[in-house]
Amino acid sequence: MPRVAASAEILRDTLSIQSLLTWAKLKAKASRGKGTGAVDARFWLIQAFNGISYGALLFLVGSGLSLIFGVMRIVNLAHGSYFLLGGYVALSVIWTTGSWLLAIPVAAFTVALIGLVMERVFLRPLGFDPLRQVLLTVGFAFLFQQAALDIWTGNPFDINPPAVLTQTIVVGGLHLPLYRIFMIGVALFIGLTLWLVMEKTRLGATIRATVDDAEMARGVGIDTSYISMLIFALGAFLAALGGVIGGAFLGVYPGLDFEMLPIAFAVVIIGGMGSLGGAAIGALIVGLADNFGKALFPEISYFTLYAPMALILAVKPTGLFGRE
Amino acid sequence: MSMSRDRVKILIVVVALAAVALLVPHTTSFIILLATRALAFSILVMSLDLLLGFTGLASLGQAAYLGVGAYLTAILAARYQIGLGYDFWLVAAFGMLGAAALAALFGLLATRATGVYFLMITLALGQCVWGLAYRWNSLTGGDNGINLEHRPKFGIDLANQVTFFYVVFGFFAASLLVLYTIVRSPFGRSLVGIREREPRMKILGYNTWLHKYLAFIIAGAFGGLSGVLWAHTAGIVSPENVVLTTSVDALLMAVLGGAGTLVGGIIGASVVLFIREYLSTLVHWWQYALGGVYVLVILYLPGGLMSIPERIRQWRTAQVKSAAAPH
């Protein structure tokens, strides 16, 4: 057990922005006078890498939120809860079976089921009343928060991935944690799969039609109620997946739900609501902005994230890449 | 008919509030504290209700204005010893003005949007304020926040629990009165018109944007007042007061009590605080009670707890009618 804890410590340390920053500063101090340019470049590269891998995680959370908005015109305020629940369910699976690999699908499908039930039993009966539906998702966010406290206590936990993934690899003199590369890989895989389904299949076409104009879609015989159930479950699935994967370096703790929610919103708003490609670009922008913001001007780092979001919303409410 | 029914409603509210003011000081100190908190926070809830219930704009960033009032109070008191004597009234006015100024700035962006877009833009703006409170250590004390050592003393000593309760009660009653006057004024009526159908109001020649903008600023000002009181109630101001969950709390309380009723705010605040602070000491399943009550209200009582009497009356008339109807 102590060994595992230590490995988590090391993982978190290699991943943490602050440590990289101090490391870069120390290096810069040590090599002052003799070619700080290389260190500077390395610092920027590592920050960019961290930003992109964080963006990969944000894509998982943001894409689901974006699709749900596109199809149902509601903002799901329980989306952060799905993220957190994903992490918690994964922990339970790891505690009982010891398998991290098993924890990923179990957590994602469990939370997808929760999302599906929530949509079918509670949101659907409200019909087309976005405000009440949104308010209802707030209620569920609270309910989930309390249930999580009751079941998993208020202690913070870490999800420890297999030792293979905690290594670092050296690329061009840069020490890159393998786990972050894995995160990028997962996001790429999910993104590509979603894109293929959306663009190349009949189901994808019906989803796109529903996003564009739900009323017309119903008119031509598309079962939009079925589509929204599907998308809601998919969104929950993706958020939970993000929760498991992100649990390795964000941790799993009470309050993470409402910390993740506004960041996911930033992704969706910058990228544009209801657009998959937009979510990818939004996730990348937010991931990078968050990393560089915290490294360069920590005092106003959150401000630099949310102020552009508010400005974009005011100027173009559908987001930078959203369709009118 | 409707006039007299309104009078009855006002009478009920006045009697209920008078009962609260008379009875609460004779209870335990825990309940006095709880009531003081509920009253201070419910000013924020009422400010949100002006937007949500009357103008149809669901704000998810109302905690920002509470934050401005609270931080202003705390920074002035802790750093400069301002606001601990008679100048408390000055700080209260400052808190309202500061929050109104922020709302005037934010409103320029937010009132361009409606529906869920308004919700998201207010969320983003609220997060801006939270980000500053959380990270701007030199000004806000960062995560630790700012402690207020003493409550103001001006002729009366607010350190006394009962005295402080009455002061907060006074502010609450005054806010309720002012907000009620606003929503009953022609200005308030046109807000309701905007909520119901904005294009029609535009056609009728109303500058709907200006109406919404003014409502946003007024709501901000009362949010600031709530913050000034909250700072002295809690004795500490931290990013916790500005975080998204605080805004969500305010929204939850407004909807729970009944959006568009103003007094629903104090009912919602009382119920939520009661469940969270009091029920939690009695039973372990309290955690589900809050979310459960809220979900049930959204599903079955869209008018909130305040609509229960109306519901009962409707149900009764339906019973009478079905009994009288010839078969």
Test: A:Ile281 is part of a helix (DSSP H, G or I) and either within 14 Å of chain B (Cβ to nearest Cβ) or in contact (Cβ under 8 Å) with a residue 60 or more places away in the chain (or both): no
Any hit, segment A:98-112, residues being buried (at least 24 other Cβ atoms within 10 Å of the Cβ), modelled with pLDDT of 90 or more, within 14 Å of another protein chain (Cβ to nearest Cβ) and at negative phi: no
Qualifying position, being surrounded by fewer than 17 Cβ atoms within 10 Å (Cβ to Cβ) and at negative phi, among B:Phe154, B:Phe94: B:Phe154
Residues being among the aromatic types (Phe, Trp, Tyr) and over 24 Å from B:Ala159 (Cβ atoms) - total across segment B:53-88: 2
Residue list for segment A:133-187, restricted to those being among the aliphatic types (A, V, I, L, M), more than 8 Å from chain B (Cβ to nearest Cβ) and in a helix (DSSP H, G or I): A:Ala148, A:Ile151, A:Ala163, A:Val164, A:Leu165, A:Leu178, A:Ile181, A:Met183, A:Ile184, A:Val186, A:Ala187
Of residues in segment B:55-86 being among the small types (Gly, Ala, Ser) and part of a helix (DSSP H, G or I), the one farthest from the chain's Cα centre (by Cα): B:Ala78
Options A:Leu256, A:Leu311, A:Leu288; residue that is at negative phi, facing chain B (nearest Cβ under 10 Å) and surrounded by fewer than 24 Cβ atoms within 10 Å (Cβ to Cβ): A:Leu311
Helices (runs of 4 or more DSSP H) contained in segment B:234-307 and holding at least 1 residues without any contact (Cβ under 8 Å) to a residue 12 or more places away in the chain and more than 27 Å from B:Ala159 (Cα to Cα): B:244-257, B:286-300
Single unsatisfied condition, B:Val295 versus (1) within 29 Å of B:Val178 (Cβ to Cβ); (2) within 12 Å of another protein chain (Cβ to nearest Cβ); (3) among the aliphatic types (A, V, I, L, M): (1)
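To keep it simple, each residue is scored yes or no on (1) at pLDDT 85 or above; (2) away from chain A (no Cβ under 14 Å); (3) closer than 30 Å to B:Val14 by Cα.
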site: B:Val248; (1), (2), (3): yes, no, yes
site: B:Val272; (1), (2), (3): yes, no, yes
site: B:Leu279; (1), (2), (3): no, no, yes
site: B:Ala289; (1), (2), (3): no, no, yes
site: B:Ala324; (1), (2), (3): no, yes, no
site: B:His327; (1), (2), (3): no, yes, no
Only one of B:Phe30, B:Phe41 that is out of contact with any His (no Cβ under 8 Å at 6 or more places or on another chain), more than 14 Å from every other protein chain (Cβ to nearest Cβ), more than 22 Å from A:Ala307 (Cβ to Cβ) and crowded, with 19+ Cβ neighbours inside 10 Å: B:Phe41
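The values are calculated or read from the model by the stated rules, or taken from the named source; none is laboratory data. What you are looking at is a predicted structure, and each value in this text was computed from that prediction instead of being measured. Reconstructed Cβ throughout: ideal geometry from the backbone, glycine too, with neighbour counts over all protein chains shown.
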